[in-house]
Amino acid sequence: MLRKKSFYMTTMIVGAFLIAAGFLLKEMIDKSIAGVLFGIGSGLFGMSAANLYMKALEDKNPDIRKKNEIEQSDERNTAIRYRAKAKSADIIQWFIIGIGYITILIDATLWVTLTAVLVFALYHVLNAYFVNKFQKEM
Amino acid sequence: MKNRLEEIRKSRGISQETLAADLEVSRQTIGSLEKGRYNPSIILAFKIARHFSMSIEEIFIYEEEK
């Protein structure tokens, strides 16, 4: 579901600001930080521009808006989206622990391995938290 | 769960697109319901039943697994 036009205008300006900051400050700050600023800025700018375009398209064609709203709120589509997210997360957790083992095999720095293990643990903590939360709610 | 949605819809001369628009669901949902690939929520089942002025049991047939 699309947000208000002002939201995308703001994120677009923030994106442009980050791109400019990354470009102008590249000599003064660490290259990797400038790269991160440029990357986040570009992503934000592109996403906002695309959403603004979609919003303008919907404003011109109310039928498209209605169709998009139905597609978004359709119960089968929602169930499919949730199922796909759950399945993807399930697969990704094994990739993360796999990355953990690879970092051990290639003798990577300890913090890299620990990060992979922590992300794997975080997945299970979040999983338990949401199971508990939804059991109380439903 | 089986259903008579396709039969009822066709008997009333309604297209999948029209039914989908009336129920505010996607056309694909109507297609999946008719093919029995998707079981609706109780809310959608009520909406469908009310749309055709029928009871849920007249449209959806629940058979216990043996």
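None of the figures in this text is laboratory data; all of them are computed from the coordinates on show. Because the structure is predicted, anything quoted here is derived from the model rather than measured. Please note: Cβ atoms are built from the backbone with ideal geometry, for glycine as well, and neighbour counts cover all protein chains shown.
Numerical summary
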{"item": "Table column - 3J(HN,Hα) (Hz), segment A:44-53, Karplus curve with 6.51, -1.76, 1.60, x for Gly and Pro", "result": "4, 5, x, 4, 5, 4, 5, 5, 5, 5"}
{"item": "Label-zone membership for segment B:32-66, site residue B:6, 7 angstrom Cα→C-beta point, backbone N under 20 Å", "result": "B:32-41, B:45, B:48-49, B:52, B:57-63"}
{"item": "Lys/Arg +1, Asp/Glu -1 at C-beta; chain A dipole; positive extreme among A:47, A:96, A:115", "result": "A:47"}
{"item": "Check: segment A:73-125 dipole with +1 on Lys, Arg Cβ and -1 on Asp, Glu Cβ, in debye", "result": "220"}
{"item": "Lys, Arg +1 and Asp, Glu -1 on Cβ, resulting dipole of chain B about Cα centre, debye, nearest 20", "result": "160"}
{"item": "Rg and Dmax of chain A, Cα atoms only, in Å", "result": "20.8, 58"}
{"item": "Stokes-Einstein translational diffusion, chain B - Kirkwood Rh over all Cα pairs, 1.002 mPa s, 20 °C, in µm²/s", "result": "180"}
{"item": "Distance violations [Cα-Cα > 18 Å] among A:66/B:10; A:85/B:47; A:85/A:136; A:4/A:60; A:4/A:66; A:67/B:35", "result": "A:66/B:10; A:85/B:47; A:85/A:136; A:67/B:35"}
{"item": "Dmax and Rg, reported as Rg then Dmax, of segment A:45-115 (C-alpha, Å)", "result": "20.5, 58"}
{"item": "Debye, to nearest 20: dipole size of chain A, +1 on Lys, Arg Cβ, -1 on Asp, Glu Cβ", "result": "420"}
